[in-house]
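See below for the structure under consideration.
Read the figures in this text as sums done on the coordinates, not as results from a lab. Since this is a predicted model, take the numbers as computed values, not measurements. Note: ideal-geometry Cβ built from the backbone for every residue, glycine included; neighbour counts use all protein chains shown.
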Amino acid sequence: AVVSTQSTGWTVLYRRKMKKGTEQDVAKKRARKTTKFQRSIQGATLENILAKRNQKPEVRKAQREQVIRSQKEKIKAKKEAKSSNKKKTDTKAVRAAQKKINKANTKSKPGRTGVMM
C-alpha cells in the first residue's frame, strides 16, 4: 500500500506541513495599515483639486451653467454665420452667372457628330 509522505510522521514534508521544529517565538508579521494619500493628476495640481473639492455646490453649479451658456452662444453664432453665408451665395445673380459659364463651355467644344469608335 502506498502511503503519502505528508502523513508519515518522520518525513521532512510532514514536519514542514505540521510546522514541527520551527521556532514558536516568531510572532506573525503585522501588515501595515493602508494610508490615504493624495497626488496631483496630470494637468491639475493638488492645490487645484483641493480647491475644487472644497467649493460650495452652488458655486460649482453656477460655473457649470455659465460654461454651458457660453458654449450654446458659440454654436448659435456659428449657425448664424453659416446661414448668412448661404444667403449670400444663393442669389439669382450667382445662378445666372453659372448658367452663362456653362453655356460658354458647351459652345467652345467641337461637336462629335459622325465620329465612329
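Brief remarks follow.
- The convex hull around the C-alpha trace of segment 1-48, projected and averaged over every direction, spans 7.9 square nanometres.
- Cβ-Cβ distance of Phe37 and Val67, R₀ of 30 Å, FRET efficiency by 1/(1 + (r/R0)^6): the value works out to about 0.45.
- Here Lys86 is the anchor, and the lysines within straight C-alpha reach of less than 29 Å, apart from those fewer than 8 places off in the same chain, are Lys72, Lys74, Lys76, Lys78, Lys99, Lys100, Lys103.
- For the peptides 28-37, 95-104, residues were scored by their other Cβ atoms within 10 Å and the scores averaged per peptide; the highest-first order is 95-104, 28-37.
- Fully extended contour minus Cα-Cα distance, from Arg30 to Lys74, at 0.36 nm per residue: 9.9 nm
- Those lysines that a straight Cα-Cα span of less than 22 Å connects to Lys20, excepting residues fewer than 8 apart in one chain: Lys28, Lys29
- Each label was represented as a point 7 Å from its Cα along the Cα-to-Cβ direction; for Ala93 and Ala1 these points are 11.4 nm apart.
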